[in-house]
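Enquirer: My questions will all concern the structure given below.
The values are calculated or read from the model by the stated rules, or taken from the named source; none is laboratory data. No experiment lies behind these values; they were computed from the predicted model shown. In this analysis, Cβ positions are derived from the backbone assuming ideal geometry, glycine residues included, and neighbour counts consider all displayed protein chains. Remember, those area values only see protein heavy atoms, side chains included, never the ligands or the DNA or RNA. Shrake-Rupley method; radii C 1.70, N 1.55, O 1.52, S 1.80 Å.
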Amino acid sequence: MSTDQTASPNPGMDPYQRLQIVLNPDGTITRRLEIPETPPTSDPSLGIPVLSKDIPINQSNNTWVRLFLPSEALDNSPTKLPLVVFYHGGGFILFSTASSLFHDFCVNMAIELRVIIVSVEYRLAPEHRLPAAYDDAVEALHWIKTAQDDWLTKYADFSSSFLMGSSAGGNIAYHAGLRAADEVGHLEPLKIRGLILHQPFFGGIQRTGSELRLVYDPVLPTSVSDLMWELSLPIGVDRDHEYCNPTVGGGSKLLEKIKVLGWRIFVSGSDGDPLFDRQVESVKMLEHKCVQVVAHFGVGDFHGVDFFDPEKAKALFKVAKDFILSCLDA
């Protein structure tokens, strides 16, 4: 629920220091946070449940994908697996698809959902402000449709594809979905059935009730999310730009195409997350647009809880699997 109140950034807390980044005179940032990374493992003789490998997409932009294939698919199963295109989080400015946090998440998701995952390495802001990440997200879809990699050609069911993202990745999945709906004929044989927006990173100028209530949140305080938007949005726009606030103007006109296509949108969140009210507002907007939307909102959990609590991740995977099956049965 929106409110006329506003909240100032957290007093006494430097968001640059919190994120361990330094703003350089040329507008780039130095990332000082040491983020563990996991290399891909594609050797089936190791007996691991999920194989992974990296493939370049656009070398000039240094974008690539990491594929995750459940090993059981190699056992000559006649049934191809659904395809999930995943976009990682990090406020548009941090992390990679190689980050251990997201690598492990995708491994577990591939096991629990029995899907093939294409995790997309997109360009980060502020070096590459939005819409660069959206451009990379859609370019990955065009790469997938013509990819000659045998993991995709042999084992992926292109007619059962989903776009999924967490936090900033949820924002990317939403905007990539809008673009994909607008050029659906050019993506064949890739057929998108739905979008999975996990704790999507949306914002706006007016503070919401959850943003005010959780202004000093230990995971995502207001000053940190403000800085992420400041570094990510195009120069000169505010947080009521459509990239940040999907409800501006009643929502994108491209949602009409998503409605006509019959795509479903899954939105998850929890009231312990400062972004909670934004997510609720986005669901209401989608419902008003008559888009088929499934909301799954919990109580008490913080932003990103599923990456740190295996039981919460399993619960998320269960409802995501139910959503995928419902889309495929429709």
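Enquirer: Relative contact order for the chain: what is it in percent, counting Cα pairs under 8 Å that are at least 6 residues apart?
Expert: Values: 652 pairs, mean separation 58.4, N = 330.
Relative contact order here is 18 percent.
Enquirer: Leaving out ligands, DNA and RNA, what percent of the accessible area of the chain is carbon and sulfur, probe 1.4 Å? Don't jump to the answer; show the numbers that get you there.
Expert: Details: 7340 of 14130 Å².
Summing carbon and sulfur atoms, their accessible area is 52 percent of the total for the chain.
Enquirer: With everything on Cα atoms, drop me the angle between helix 100-113 and the longest principal axis of the chain, reported from 0 to 90° to the nearest 10.
Expert: 50
Enquirer: Oh, and also: So, with +1 on the Cβ of K and R and -1 on the Cβ of D and E, and no other charges, what is the size of the charge dipole of the range 253-330 about its Cα centre, to the nearest 20 debye?
Expert: Values: 11 positive and 12 negative charges, 92 e Å.
So the magnitude is around 440 debye.
Enquirer: Nearest 5 percent is fine: what portion of the DSSP beta bridges confined to the chain is antiparallel? All intermediate terms of the calculation are to be shown ahead of the outcome.
Expert: Values: 18 of 48 bridges.
Approximately 40 percent, going by the DSSP bridge assignments.
Enquirer: Still on this structure, please answer the following. Around ARG239, what is the net charge, scoring Lys/Arg as +1 and Asp/Glu as -1 over all other residues with Cβ under 13 Å from its Cβ?
Expert: Values: positive: ARG207, ARG278; negative: GLU211, ASP226, GLU230, ASP238, ASP240, GLU242.
Combined, the nearby Lys, Arg, Asp and Glu give -4.
Enquirer: If DNA, RNA and ligands are ignored and the probe is 1.4 Å, what is the ranking of VAL299, VAL65 by accessible area, most exposed first? Let's see the in-between values first.
Expert: On the way: VAL299 125, VAL65 0 Å².
From most accessible down to least: VAL299, VAL65.
Enquirer: Give, to the nearest whole percent, the P(r) tail of the range 101-233 beyond 18 angstrom, counting all Cα pairs. Let's see the in-between values first.
Expert: On the way: 5299 of 8778 pairs.
More than 18 Å apart: 60 percent of the Cα pairs in the range 101-233.
Enquirer: Sticking with this one: If I ignore ligands, DNA and RNA and count only protein heavy atoms, how much of GLU242 is accessible to a 1.4 Å probe, in Å² to the nearest 10?
Expert: Approximately 100 Å² for this residue.
Enquirer: What do you get for the angle between helix 222-232 and the principal long axis of the chain? Use alpha-carbon atoms, 0 to 90 degrees, nearest ten.
Expert: Roughly 60 degrees, rounded to the nearest 10.
Enquirer: I need the Debye-formula profile for the range 31-127: one equal scatterer per C-alpha, no solvent, reported as log10 I(q)/I(0) at q = 0.16, 0.19, 0.21 1/Å, two decimals.
Expert: -0.68, -0.91, -1.07
Enquirer: Classify the range 193-330 as rounded, prolate or oblate, taking a ≥ b ≥ c as the square roots of the eigenvalues of its Cα gyration tensor: rounded when a/c is under 1.5, otherwise prolate if a/b is larger than b/c and oblate if not.
Expert: It comes out oblate by the Cα gyration axes.
Enquirer: Relative to the first principal axis of the alpha-carbon coordinates of the chain, what is the inclination of helix 310-329, with its axis defined by its Cα atoms, in degrees from 0 to 90 and to the nearest 10?
Expert: With both axes taken from Cα atoms, the answer is about 60 degrees.
Enquirer: Another one. To check you understand DSSP bridge types, tell me what percent of the beta bridges within the range 1-126 (both residues inside) are antiparallel, rounded to 5.
Expert: So the antiparallel bridges amount to about 75 percent of the total.
Enquirer: Let me ask something else about it. Got a sec? What order do GLU281, GLU34, GLU311 fall in by accessible area at 1.4 Å, biggest, i.e. largest, first?
Expert: Numbers: GLU281 35, GLU34 170, GLU311 130 Å².
Output order, biggest surface exposure first: GLU34, GLU311, GLU281.
Enquirer: For the range 169-264, what relative contact order do you get, as a whole percent, if you take Cα pairs closer than 8 Å and at least 6 residues apart?
Expert: Working: 75 pairs, mean separation 36.6, N = 96.
Once normalised by length, the contact order is 38 percent.
Enquirer: Quick one: Kirkwood hydrodynamic radius for the chain, alpha-carbon pairs, angstrom, one decimal? Please report the intermediate quantities before stating the final value.
Expert: On the way: mean 1/r = 0.0499 Å⁻¹.
Roughly 20.0 Å, rounded to one decimal.
Enquirer: Just by accessible area at a 1.4 angstrom probe, what is the order of TRP143, TRP151 from largest to smallest?
Expert: Working: TRP143 50, TRP151 20 Å².
If we order TRP143, TRP151 from most to least accessible, we get TRP143, TRP151.
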